[in-house]
Amino acid sequence: MRLRFYFAVTWSVLVVSLNACTSQSPSANPSSDKFVVSNLRSGLVSFASNGNPFVSTPGTDFTYQETGTCTAAGEQIRCIWHGFEFDYSSPDQHSRVDCVIKSNRPQDRVDPSALRETDVTEVRFSFELLGRTGRYVRPQYTGTVHSRPFNRTTTCFYRGEQVLQFSFNLSPPA
């Protein structure tokens, strides 16, 4: 069976996370002329009773363990939820952040509605931030990890300048 990285989440969850990105952040400095990321956390993601996602278990290395249900290519599957969150300050009211995820082995990229790519080791995505300061949460999910560890590094850029980087590694269950 092929490894599948289920990259996108349902739009209802994505809308919740985009709303979270507009909350005010006391640590951000809106007078700066640079895009600044602070309080970056990545790891396992949980959902609050109101449906908002958050990084509940920060870290880099985890053993694959199903933590929920996800929609992938129109089907409900068991998966592990993970992702990242951060506070930001931006010189602009509307900011586009471009990211690339590089993995150590090929994967399929699937979103809630369809299979988007097969056998890729690099996935690119972007997201928009509204407001000069705020908090952004990005939930993601992975369906299975078989036989070999799965290692990914995510790097994000604002106007071509790197603003964050982290790794996320999943080992197969014992």
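When segment 101-114 is filtered for residues that are among the charged types (D, E, K, R) and buried (at least 16 other Cβ atoms within 10 Å of the Cβ), the ones remaining, listed by number, are 108, 109, 111. Mind checking which residues of segment 115-174 are touching a residue at least 24 places away in the same chain (Cβ under 8 Å), surrounded by fewer than 14 Cβ atoms within 10 Å (Cβ to Cβ) and not in a strand (DSSP E or B)? The answer is 146, 147, 148, 159, 172, 173, 174.
Restricting segment 63-77 to residues that are closer than 24 Å to residue 52 by Cβ and among the hydroxyl-bearing types (Ser, Thr, Tyr), the residue that is surrounded by the fewest Cβ atoms within 10 Å (Cβ to Cβ) is 69.
Of all residues in segment 87-104, how many are over 12 Å from residue 158 (Cβ atoms) and under 12 Å from the mean Cα position of the chain (by Cα)? Residues in segment 87-104 being over 12 Å from residue 158 (Cβ atoms) and under 12 Å from the mean Cα position of the chain (by Cα): 2 in total.
Within segment 78-100, the set of residues being among the acidic types (Asp, Glu) and surrounded by fewer than 22 Cβ atoms within 10 Å (Cβ to Cβ) comprises 87, 92, 98.
In segment 37-89, which residue that is modelled with pLDDT of 95 or more and in a loop (DSSP other than H, G, I, E, B) is nearest to residue 137 (Cα to Cα)? Selected residue: 52. Among the residues of segment 90-112, those that are at pLDDT below 90 and in a loop (DSSP other than H, G, I, E, B) comprise 111, 112.
The values are calculated or read from the model by the stated rules, or taken from the named source; none is laboratory data. Since the structure is predicted, the reported quantities are computational estimates derived from the model, not experimental observations. FYI the Cβ positions are ideal-geometry reconstructions off the backbone, even for glycines, and counts take in every protein chain you see.
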